[in-house]
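Take a look at the structure set out below.
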Amino acid sequence: MTALQSSPPKTSVLVLTAPLSGQMVPLGTVPDPVFAQKMVGDGVSIDPLSQVLMAPCAGDIVQIHSASHAVTVKTAEGIEILMHIGLDTVALKGEGFTLRVKVGDRVKTGDILIEFDADYVALHARSLLTQIVVTNSDRVAQFKPASGMVNAARDTVLELVLVGGTTASEAEAGPTVTSQVIIIPNPVGLHARPAAVLAQLAKKYQSNLRLHRGSDSANVRSVVAIMGLEIGRGDTVTLEATGADAEAAIAELSTALRDGLGEEGAVPVTAAAASIAQAEISAPAPRPKSDDPNIILGVAASSGVAVGNTYRQRRQDIRVEETADSPKAEQRKLDQAIDQAALEIESLRAKVHGQGDPSKAAIFAAHQELLEDPELMDMASSAIDQGKSAAFAWQQTYTAQADTLARLKSELLAQRANDLLDVGDRVLRILTGVKAEALVLPANTILLAEDLTPSDMANIDPARVVGFATVAGGATSHVAILARSMGIPAIAGIEPRILDLADGTPVILDGTKGRVKLNASVDELEATQDRIARQKARQAEDLEHAFEPAITQDGRQIEVVANIGSQKDAEASIKVGGEGVGLLRTEFVFMEASSAPTEDEQEVIYASILRVLGDRPMIIRTLDVGGDKPLPYLPMAHEENPFLGERGIRLGFDRPELMRTQFRAILKASTAGKARVMFPMIARMEELAMAKAVMEEERQKLGVPPIEIGIMVEVPAAAVSAERFAEQVDFFSIGTNDLTQYTLAMDRGHPKLAPYVDALNPSVLRMIDLTVRGADKHGKWVGVCGGMAGDPQAVPILIGLGVKELSVSVPVIPAVKAQVRGLSLAQCQDLAQQALNLDSAAQVRDLVPLEEA
């Protein structure tokens, strides 16, 4: 910890007396990686001969594990001493252990803490080895362990040279506050995203903050340490803070944890319900395995088909010197390398952000967060202080942490180990001066690897790499996200035998089905290549005609516009024939900011996009966030069901200044082009009336011309009452993603129900039909801005129902326009009427076979 004064920090010595009699064992040799790799903290281990655990020093009992096998004593200096009897003794559930203290007791050296039946524990647990660990090892400048045999309450087991003498550090000066027990509501526990949110919140406070789960604890400012606890849904945790602002820290962080740290689907759970849910989500899905030697199976990560020749990427092996002479010089090297790595990652983040994809930029933002992780720095610095070189200390630290993450049961957490390796390798290369090996790949390469990193993906040439398959990872990994954004077919979690293929092996990779075909016949390879070539030729032809209007063969013109989140998206849409913007997701403006964007900031963004579009129209959707997709700087009260709570316009009514600020920015920007505005999540006429009244009040204050106003039709209430709403608006835009899940009462992210959440379900089509007929009665037009608008099987039916505008993702604009030009309105109307009278989405899809779409 950096001293606040110019003089060097004072040191003092804390002596720990043997809590047991027995043989001293170095902590690094304990057959448990959590202790051996010092994830919990540094210290010693004892192979006990006695059966009574005694206090090694004076202090307060601050934690006792529910299984009675572990206890933590906190000294007057603020040092936390964890004593953990045996390995895997948590499974004994307290059997064989008798507590002699309770939390809050003050003890002196030699007081009895726990009595245990050594014979029973030895027979039923993995080991009797007992660990004595300092959990806040950053407070210790030097550890001096004893060796050989020690006698309980007599011999010294460990001398601790402390930084700061006998007084608490400035960060710990103040009371210690412990939260009530918190049950974790997050669907898959505290994985990377909620852990990062918690760590970010903790950085606001000066107090020493720790998260406790049983005998394990973590620095709350460390994303890696939190993930290392492997806290799952339904687990019980407590927060502890020591410092002047401890009460405020505990109040905010406890509330945030109980509310799920803003994660979608996180709702408070009872312990009983949590145990059931945990049984469903803890075990990872079994890896697919093929019985056909010519088929290798994996998880579909990025759709598409590719034919090419394999090339296996092998991880670069960097050798380092273990020791160094000057800890100060090595620490400077590490600090400089981390600073350089931060600049490189920021450059990558800016590069992908410039491509207009916020999700890709967020991946490298997470890498920046890992670089700043205090636990990584503390562990590496501790090794440097013990005479290790900066390169060796850093390599040992990040690989050990990554190994720990990779072993976790949660697939999401295990996949983040790859991100940590990516960041760690980058720093290590800077420290050693080793350049990343450049991949010189031939054309039509199918890249094979144990795993790829986001940095690898950022440097892949899509002109040469036509597909890839990795043994590690899954459909939710950051590499899979990048592959989809780059349009590269990919498979993750594939059978390891893929790596046995010789470089240059011809294969067919199907990223949609998650399979690689070996030993394909010449005819199969040629047929697949022909199909790919036809698809590319059709795409090229569609692009060539992209600037032609989308008019059916019998004269009905359909406006094909883009869903966008940035100016880059708008520019890209124009290049592929986009006729305007049917949905500007303004939440991206808010999500990319660390605080609510100002009126002027928003005006500049909206106006710049309008200028890019020229005379093309743009529909600006007002802020659409809520409990299911919160903003980190916009705290919200817990909601039992965020999807039915304060979302969209409802949040605006609760935060009127936030809403008025955005309304003013939109109105001021509207003079730069052809702007329209629409309100999300409108379900009641009163909501529309209130929103319009606020908009009109701000318009009159600014003295700008009126703009067209519409609403999102995304709840059944709006569709059913479309005729009434049409009297008050200029247009409707149907958000089919939400309309589908609200109509069917199915969460589109539900692991079991998601396959049935299909917008072509006749019930959803009837909602669209009601909306169009209601609008028609008042001469208003209807657009669709959900994923359905770009579905080739849905396009003819939407046109047949009377939809006038299709707002789609930028890449599919040419294909949708080409499809419209090949249809006739009369045929579409016939298809739509048939679809309305069917019973399932599958029957509707049979009306428009995909190969004909």
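The values are calculated or read from the model by the stated rules, or taken from the named source; none is laboratory data. Here the structure is a predicted model, which means the values were calculated and not measured. When we count neighbours, we look across all protein chains shown, and the Cβ atoms used for this are built from the backbone with ideal geometry, even at glycine. Heavy atoms of the whole protein, side chains included, go into the accessibility calculation; ligands, DNA and RNA do not. Shrake-Rupley method; radii C 1.70, N 1.55, O 1.52, S 1.80 Å.
The table below lists the values:
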quantity	calculated
Test for E230: is it free of Cβ contacts under 8 Å to residues at least 60 places away in the same chain and out of contact with any Phe, Trp or Tyr (no Cβ under 6 Å at 6 or more places or on another chain)	no
In segment 656-667, residue nearest to the chain's Cα centre (by Cα) [restricted to those that are open to solvent by less than 60 Å² (accessible area, probe 1.4 Å) and more than 15 Å from M678 (Cβ to Cβ)]	L658
Hey, L583 under 26 Å from the mean Cα position of the chain (by Cα), within 30 Å of A818 (Cα to Cα), of a type in the set (A, V, I, L, M, F, W, C) and not in a loop (DSSP other than H, G, I, E, B) or not	yes
Per-region count, segment 60-73, residues in contact (Cβ under 8 Å) with a residue 40 or more places away in the chain, within 12 Å of F97 (Cβ to Cβ) and surrounded by 20 or more Cβ atoms within 10 Å (Cβ to Cβ)	5
Pick from segment 298-335, criterion among the polar types (S, T, N, Q) and part of a strand (DSSP E or B), ranking: surrounded by the fewest Cβ atoms within 10 Å (Cβ to Cβ)	T323
Test: A256 is open to solvent by less than 50 Å² (accessible area, probe 1.4 Å), farther than 30 Å from N444 by Cβ, part of a helix (DSSP H, G or I) and modelled with pLDDT under 70	no
Subset of segment 794-838 (residues that are under 17 Å from R773 (Cβ atoms), under 39 Å from the mean Cα position of the chain (by Cα) and buried (at least 21 other Cβ atoms within 10 Å of the Cβ))	I797, L798, I799, L801, V803, E805, A835
Index of the failed condition, N761 passing every other in (1) open to solvent by less than 40 Å² (accessible area, probe 1.4 Å); (2) under 30 Å from K568 (Cα atoms); (3) within 36 Å of the chain's Cα centre (by Cα)	(2)
Tabulated pairs, segment 376-398, first acidic (D, E), second at pLDDT 85 or above, C-beta under 6 angstrom, 6+ apart or interchain	D385/P327
Which numbered condition A826 misses (of (1) closer than 20 Å to Q557 by Cβ; (2) touching a Pro at 6+ places or on another chain (Cβ under 8 Å); (3) of a type outside the set (D, E, K, R))	(2)
Flag for G234 being open to solvent by less than 10 Å² (accessible area, probe 1.4 Å) and in contact with a helix residue (DSSP H, G or I) (Cβ under 9 Å, 6 or more places away or on another chain)	no
A76, sole failed condition from (1) more than 22 Å from D32 (Cα to Cα); (2) open to solvent by 50 Å² or more (accessible area, probe 1.4 Å); (3) modelled with pLDDT under 85	(3)
Which listed residue is among the charged types (D, E, K, R) and crowded, with 21+ Cβ neighbours inside 10 Å, from D776, D791, D747, D730	D791
Number of the condition not met by I558 [criteria: (1) free of Cβ contacts under 8 Å to residues at least 40 places away in the same chain; (2) in a strand (DSSP E or B)]	(1)
For A572: the one exception among (1) assigned to a helix (DSSP H, G or I); (2) in contact with a Pro (Cβ under 7 Å, 6 or more places away or on another chain); (3) of a type in the set (G, A, S)	(2)
Hits in segment 106-163 - residues which are open to solvent by 50 Å² or more (accessible area, probe 1.4 Å), among the basic types (K, R) and over 13 Å from V44 (Cα atoms)	R106, K108, R126, R154
Count - residues of segment 511-549 that are open to solvent by 30 Å² or more (accessible area, probe 1.4 Å) and outside any helix (DSSP H, G or I)	10
Residue in segment 698-706 that is outside any helix (DSSP H, G or I), among the charged types (D, E, K, R) and either open to solvent by less than 60 Å² (accessible area, probe 1.4 Å) or in contact (Cβ under 8 Å) with a residue 24 or more places away in the chain (or both) present	no
Cβ-Cβ under 8 Å pairs, at least 6 apart or on other chains, segment 534-549 side in contact (Cβ under 8 Å) with a residue 12 or more places away in the chain, far side among the hydrophobic types (A, V, I, L, M, F, W, C) and in a loop (DSSP other than H, G, I, E, B)	L543/V576; A546/V576
Neighbours by Cβ (under 8 Å, 6+ apart or cross-chain): first from segment 677-693, over 16 Å from L739 (Cβ atoms) and basic (K, R); second open to solvent by 10 Å² or more (accessible area, probe 1.4 Å) and not in a helix (DSSP H, G or I)	K692/I709; K692/Q728
Subset tally (residues that are out of contact with any helix residue (DSSP H, G or I) (no Cβ under 9 Å at 6 or more places or on another chain), assigned to a strand (DSSP E or B) and within 22 Å of S215 (Cβ to Cβ)) for segment 133-149	1
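A quick yes/no check of all residues on (1) charged (D, E, K, R); (2) in contact (Cβ under 8 Å) with a residue 60 or more places away in the chain; (3) within 23 Å of E115 (Cβ to Cβ):
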residue	(1), (2), (3)
S50	no, yes, yes
G78	no, yes, no
L87	no, no, yes
E95	yes, no, yes
